[in-house]
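The values are calculated or read from the model by the stated rules, or taken from the named source; none is laboratory data. Bear in mind that the values here come from a model prediction, so they are computed numbers and not experimental data. Cβ coordinates were reconstructed from backbone atoms using ideal geometry, including for glycine residues, and neighbour counts include every protein chain displayed.
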Amino acid sequence: MSWRWALARRVATLAATGGGGGAQAQRLLPTSSAAAGTGLLGQHHMPLASQIRSKVVGCRGAALVSSRWLHDAQYQVRQDGASRPQEQQDPFELVADELSLLANRLRSMVAAEVPKLASAAEYFFKVGAEGKRFRPTVLLLMASALKFPLSESTEGGVLSILADKLRTRQQNIAEITEMIHVASLLHDDVLDDADTRRGVSSLNLIMGNKLSVLAGDFLLSRACVALAALGNTEVVSLMATAVEHLVTGETMQISTSREQRRSMEYYLQKTYYKTASLISNSCKAVAILAGHTAEVSMLACEYGRNLGLAFQLIDDVLDFTGTSASLGKGSLSDIRHGIITAPMLYAIEEFPQLQEVVDRGFDNPANIEIALDYLRKSRGIERTKELAREHADRAVKAIESLPDSDDEDVLTSRRALIDITERVITRTK
Amino acid sequence: MSWRWALARRVAALAATGGGRGAQAQRLLPTSSAAAGTGLLGRHHMPLASQIRSKVVGCRGAALVSSRWLHDAQYQVRQDGASRAQEQQDPFELVADELSLLANRLRSMVAAEVPKLASAAEYFFKVGAEGKRFRPTVLLLMASALKFPLSESTEGGVLSILADKLRTRQQNIAEITEMIHVASLLHDDVLDDADTRRGVSSLNLIMGNKLSVLAGDFLLSRACVALAALGNTEVVSLMATAVEHLVTGETMQISTSREQRRSMEYYLQKTYYKTASLISNSCKAVAILAGHTAEVSMLTYEYGRNLGLAFQLIDDVLDFTGTSASLGKGSLSDIHHGIITAPMLYAIEEFPQLQEIVDRGFDNSANIEIALDYLRKSRGIERTKELAREHADRAVKAIESLPDSDDEDVLTSRRALIDITERVITRTK
């Protein structure tokens with residue numbers, strides 16, 4: 001087929017240009033709406049170099065879909081001495097420009113309106129534990145992965161405008177999701193008098209609380225208004241449900257009974273509420289805004305849900321292992337807060353006597369050591385990783401079940417979403 | 001005109017039956033949707049006695065519109081020794097049955113799956129803690145005041161079903177408004193470190209700050225889901241704006257600069273945000289759901305706005321005077337929290353030296369005494385009452401500007417709404 005020939009030629013061209021342009025080449029050319037606000041001109045005024053880059057990126061995306069070409073491309077590339085991770089598309093880089101736009105929009109909105117709450121603005125798009133801006137990246141990639149193909153005959157005009165409007169609306173979902181996420185972080189930080197740690201003065205507690213509550217409310221109310229402005233009541237419902245789940249999950253965490261602390265089912269439900277619900281509902285919202293069918297929306301939802309679960313499970317493992325492979329080198333913050341996560345729950349299944357140790361609580365660090373000992377002996381860590389892998393696979397399957405497309409951007413984005421699941425599973429911090 | 005003759009006869013009949021059944025006679029027969037869920041049969045199966053009562057109530061409503069008959073009716077009635085207050089319709093009684101229905105629905109709407117969250121969320125919806133239910137009363141009366149007249153030829157059927165559906169949706173607005181209101185109360189109590197609310201311990205005192213914040217978020221998200229279910233994006237937008245205004249008002253209150261504390265304009269703006277916006281936007285939502293014109297919607301909005309402002313202004317006065325007419329007997333909680341309200345702002349206009357005292361702050365109770373002294377000498381209290389009266393009059397005018405109707409329910413409800421403005425102005429607690 002002619003596309004394979006074209007592909008081979010382009011890959012060879014890339015190999016020839018070498019790895020130096022790698023990082024730049026990875027950047028998916030932002031859609032006109034991202035690069036120039038709502039400007040429509042961007043699409044027609046791309047510099048020649050960018051055009052080439054986007055073609056290369058696009059083709060590489062298509063190439064990666066074919067495993068044979070994957071091998072060949074990588075082989076070609078490695079022959080040039082460039083390192084492998086550099087040449088692979090960084091999914092986060094794909095949407096980096098758009099993310100900056102969103103981040104600035106959000107920060108300036110908060111800082112302008114209520115200077116006192118400006119410190120809350122700092123939370124936005126903060127580089128997270130995994131080093132990336134996770135949620136908005138996934139949402140923007142999902143939006144691209146779901147793009148309806150524009151036929152070649154359309155020059156621009158109506159369909160282009162509609163596409164830009166849709167993109168902006170989907171960006172709004174990403175912004176709303178971040179606002180909800182940060183609001184929940186702020187409200188989770190609210191302390192009760194019993195939570196005062198040594199050295200925290202009561203004034204700090206009060207002022208800190210007030211600012212947390214107020215800043216969180218501010219963000220939630222802005223999210224409400226932004227949601228209303230989208231004029232889609234189904235989307236309002238989805239995101240409101242996500243907020244409800246966040247609150248439910250946090251309440252589950254702070255009010256677990258002894259019974260419930262042993263239950264893997266309870267733990268997974270709580271994890272869905274606290275971590276996966278927001279990303280899955282916002283993925284679904286992105287699909288709904290694009291007018292997709294219920295099936296496609298469900299697939300988007302499934303991707304988000306499984307990705308979120310996989311993410312949290314690995315997070316739980318890393319809390320024990322940290323960047324090393326060995327146990328006990330992680331921050332152990334979960335266990336210190338008395339939060340029993342998947343690895344420990346699996347270990348209890350194998351060693352019932354561990355239950356008693358857990359019930360004793362972990363104020364005593366000696367008890368932590370004993371529990372870690374059992375965990376080491378058990379297959380808790382492995383089984384958690386296996387479960388995470390399971391969810392990652394389901395996420396991949398959801399993407400693969402999406403309706404076919406031969407649009408390069410679509411294929412690149414889908415590849416990137418799959419890539420993200422891999423990174424979530426294999427990350428070490 | 002024959003209606004006057006019929007009226008006189010009915011009023012005489014009422015006088016004859018005496019004041020004993022006064023309280024019962026005041027209850028407006030609930031619409032079928034209130035009395036029997038969504039049942040349509042209610043309207044056709046009214047017991048004879050209720051039919052008579054509703055006629056009497058209806059006519060009394062019509063009678064009161066005519067001041068000559070007002071005098072005559074009251075004269076007739078007083079002749080029987082019944083107290084005036086008893087014979088006058090209690091506007092809150094008019095919708096008492098419907099309110100019970102709403103209260104039950106609300107309790108089921110805020111049920112959460114996590115027990116701790118459930119008890120937090122439903123804390124202020126329990127029997128005894130619902131407050132005066134001011135807002136839902138106003139909204140239900142507004143819904144009745146705006147009823148399209150059904151022509152006599154319709155037997156029931158389609159129009160009746162539609163009317164019931166509309167009523168339920170308008171009831172939903174009342175529920176949503178109450179959820180938003182309680183959510184804001186929960187957060188305000190955390191921000192104010194309040195101990196009591198609605199005569200009972202505040203939730204943050206009983207269950208902690210964090211749970212109060214989470215419960216407020218939960219109620220807000222439930223309100224959003226209920227809003228989305230109405231499927232009307234304009235209404236979603238209105239209520240989202242109300243939520244935003246609540247937060248803005250609270251932020252204004254917490255972060256007032258010295259400049260702003262002196263400004264009556266800033267104070268009135270803050271009062272609109274904190275108190276009047278919710279009721280005005282929900283009144284407007286009620287009108288919009290009924291499909292009214294922009295003019296009518298604006299009138300309902302104006303009613304709510306002026307009613308809310310009048311309410312808050314009198315609230316400010318009562319904080320100084322309490323149930324007595326004399327100053328300084330109120331709870332003085334505003335001034336203790338450093339919140340400068342209308343009476344004090346007016347006093348500062350008359351006595352510029354009071355500004356310096358206000359600037360010093362009120363941690364020192366001696367300073368409070370000095371300020372109260374100035375307030376006593378000034379016309380601060382009187383001018384605030386005058387301003388409240390002004391707003392109450394505007395609210396009345398808005399009702400009187402509504403399109404004519406000769407439906408008894410409509411007239412009764414409009415009369416009740418006017419009555420409420422009077423009660424708001426003349427109340428002593």
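One table, with the values for the structure above:
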quantity: Selected residue [surrounded by 22 or more Cβ atoms within 10 Å (Cβ to Cβ) and either of a type in the set (Asp, Glu) or modelled with pLDDT under 85 (or both)] from B:Asp195, B:Asp217; calculated: B:Asp217
quantity: Single condition A:Pro365 does not satisfy, out of (1) at negative phi; (2) in contact (Cβ under 8 Å) with a residue 24 or more places away in the chain; (3) surrounded by fewer than 16 Cβ atoms within 10 Å (Cβ to Cβ); calculated: (2)
quantity: Qualifying positions in the stretch B:212-224 - more than 7 Å from every other protein chain (Cβ to nearest Cβ) and touching a residue at least 40 places away in the same chain (Cβ under 8 Å); calculated: B:Ser212, B:Ala215, B:Leu219, B:Ala223
quantity: Residues of the stretch A:317-345 satisfying the condition of being crowded, with 22+ Cβ neighbours inside 10 Å and without any contact (Cβ under 8 Å) to a residue 60 or more places away in the chain; calculated: A:Ile335, A:Pro343, A:Met344
quantity: Candidates B:Ile314, B:Ile348, filtered to the one that is closer than 21 Å to B:Ala392 by Cβ, touching a residue at least 40 places away in the same chain (Cβ under 8 Å) and touching a helix residue (DSSP H, G or I) at 6+ places or on another chain (Cβ under 6 Å); calculated: B:Ile314
quantity: So A:Ile399, is it part of a helix (DSSP H, G or I) and crowded, with 20+ Cβ neighbours inside 10 Å; calculated: yes
quantity: Residue satisfying condition, being surrounded by fewer than 18 Cβ atoms within 10 Å (Cβ to Cβ), on the phi < 0 side of the Ramachandran plot, basic (Lys, Arg) and at pLDDT 90 or above, within set B:Arg414, B:Arg379, B:Arg427; calculated: B:Arg379
quantity: Residue count, the stretch B:154-203 (criterion: without any contact (Cβ under 8 Å) to a residue 60 or more places away in the chain and under 19 Å from B:Cys224 (Cα atoms)); calculated: 3
quantity: Pick from the stretch A:252-284, criterion surrounded by 22 or more Cβ atoms within 10 Å (Cβ to Cβ) and either small (Gly, Ala, Ser) or in contact with a Pro (Cβ under 9 Å, 6 or more places away or on another chain) (or both), ranking: nearest to the other protein chains (Cβ to nearest Cβ); calculated: A:Ser277
quantity: Residue list for the stretch B:343-356, restricted to those being under 35 Å from the mean Cα position of the chain (by Cα) and more than 17 Å from B:Phe320 (Cα to Cα); calculated: B:Glu349, B:Glu350, B:Phe351, B:Gln355
quantity: Failed criterion for A:Gly208 (all others in (1) surrounded by fewer than 18 Cβ atoms within 10 Å (Cβ to Cβ); (2) at the interface with chain B (Cβ under 7 Å from one of its Cβ atoms); (3) at negative phi hold); calculated: (2)
quantity: A:Gly249 being out of contact with any strand residue (DSSP E or B) (no Cβ under 9 Å at 6 or more places or on another chain), within 12 Å of another protein chain (Cβ to nearest Cβ) and either in a helix (DSSP H, G or I) or surrounded by fewer than 21 Cβ atoms within 10 Å (Cβ to Cβ) (or both); calculated: yes
quantity: Candidate set: the stretch B:107-136, residues that are surrounded by fewer than 23 Cβ atoms within 10 Å (Cβ to Cβ) and under 30 Å from B:Val396 (Cβ atoms); chosen: the one nearest to the other protein chains (Cβ to nearest Cβ); calculated: B:Arg135
quantity: Cβ-Cβ under 6 Å pairs, at least 6 apart or on other chains, the stretch B:225-240 side within 7 Å of chain A (Cβ to nearest Cβ) and within 14 Å of B:Ile279 (Cα to Cα), far side buried (at least 24 other Cβ atoms within 10 Å of the Cβ) and modelled with pLDDT under 95; calculated: B:Ala240/A:Cys224; B:Ala240/A:Ala228
quantity: Condition check for B:Arg383: of a type outside the set (Phe, Trp, Tyr) and closer than 17 Å to B:Asp319 by Cα; calculated: yes
